[in-house]
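Remarks on the structure that follows.
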Amino acid sequence: MGAKNHGVVMPDANKEHALNQLVGAAFGAAGQRCMALSTAIFVGESKHWIDDLVEKAKSLNVNAGHEPGADLGPVISPAAKNRVVDLIQSGVDEGAEIRLDGRNIRVAGYEKGNFVGPTILTKVKPNMKCYKEEIFGPVLVVLTTDTLDEAIDIINANPYGNGTAVFTSNGATARKFTHNVDVGQIGVNVPIPVPLPMFSFTGSRGSFLGDANFYGKSGISFYTQVKTVTQLWRETDASFSKGSTTAMPVMQ
């Protein structure tokens with residue numbers, strides 16, 4: 001079980017909003033959350049926004065999480081850092097272009113910390129290891145397509161179905177995306193589409209085990225003891241009381 005959440009950026013999207021949301025969702029919590037938006041698909045002319053995306057990611061402050069102004073902290077262990085670094089290198093080895101490299105970052109006062117800075121890999125293909133595996137670190141892999149249909153096909157071919165998002169100002173595009181994409185939680189101009197507690201967390205496919213979602217209606221059903229009452233009434237069994245009584249009613 002795992003996740004590989006995709007954010008699709010359409011050319012008609014609000015550029016500033018889309019890029020800001022991508023950066024926050026990809027690198028927040030150092031990418032160590034199951035709903036991190038770790039994959040971006042730029043459709044058509046939106047690919048020209050990648051340079052601006054890189055600049056926004058560069059501005060993030062990497063520091064110990066308790067330090068004022070920190071945007072992201074370290075990953076959880078040396079082993080986690082080594083795994084993230086290895087997956088970044090695998091992308092480079094397979095032909096991806098590293099536009100922002102956070103592998104050698106040093107944080108003053110925390111030189112032995114498990115820090116990885118924001119990293120962006122472009123020219124990524126679906127057959128690459130860095131795409132196929134959940135990196136669980138501050139790494140955004142970037143793909144480009146000519147059409148929305150191609151982007152949807154890429155998402156649906158991925159084995160995971162935890163979350164996805166589309167950035168667009170077109171209602172028809174949003175409707176097509178939400179209807180055709182095979183993912184359990186979908187955001188429209190919302191990068192991390194985790195619902196409020198009254199709704200269930202509905203990750204699907206390779207991002208879900210079991211037969212019931214937690215919290216929301218499914219959670220209520222899980223904790224509900226069902227009672228079934230089966231009754232038979234005959235007209236001939238009907239009885240009628242005679243007169244009124246002020247005594248405490250009792251069964252007779």
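A few points about this structure:
- When TYR131, TYR215, TYR223 are compared by accessible surface with a 1.4 Å probe, the order from highest to lowest is TYR223, TYR215, TYR131.
- Count, lysine Cα pairs under 20 Å in segment 1-101, 8 or more residues apart or across chains: 7
- With both labels modelled 7 Å from their Cα along Cα-to-Cβ, the GLU133 to THR147 distance reads 3.4 nm.
- Model label points for VAL229 and ASP93, set 7 angstrom from Cα along the Cα-to-Cβ axis, are 6.8 nm apart.
- Once the Cα-Cα distance is subtracted from the 0.36 nm per residue extended length, the LYS112 to LYS176 segment shows a gain of 18.3 nm.
- Stretchable slack from ARG103 to LYS125, in nm (0.36 nm times residue separation minus alpha-carbon distance): 5.8 nm
- Spherically averaged projected area in nm², based on the convex hull that wraps the Cα atoms of segment 55-131: 5.3
- Qualifying aspartates and glutamates (Cα of each under 15 Å from Cα of LYS129; at least 8 residues distant if same chain): ASP86, ASP93, GLU94, GLU97
- Isotropically averaged projected area of segment 1-96, using the convex hull of Cα atoms (one quarter of hull area), nm²: 7.4
- Taking the empirical scaling 2.2 N^0.38 Å for compact globular proteins as reference, segment 18-175 has a Cα radius of gyration ratio of 1.03.
The values are calculated or read from the model by the stated rules, or taken from the named source; none is laboratory data. Bear in mind that the values here come from a model prediction, so they are computed numbers and not experimental data. Every residue, glycine as well, gets a Cβ built from its backbone with ideal geometry; the counts of neighbours run over all protein chains shown. Please note that ligands, DNA and RNA were not included when accessible areas were found on the heavy atoms of the full protein model with its side chains. Shrake-Rupley method; radii C 1.70, N 1.55, O 1.52, S 1.80 Å.
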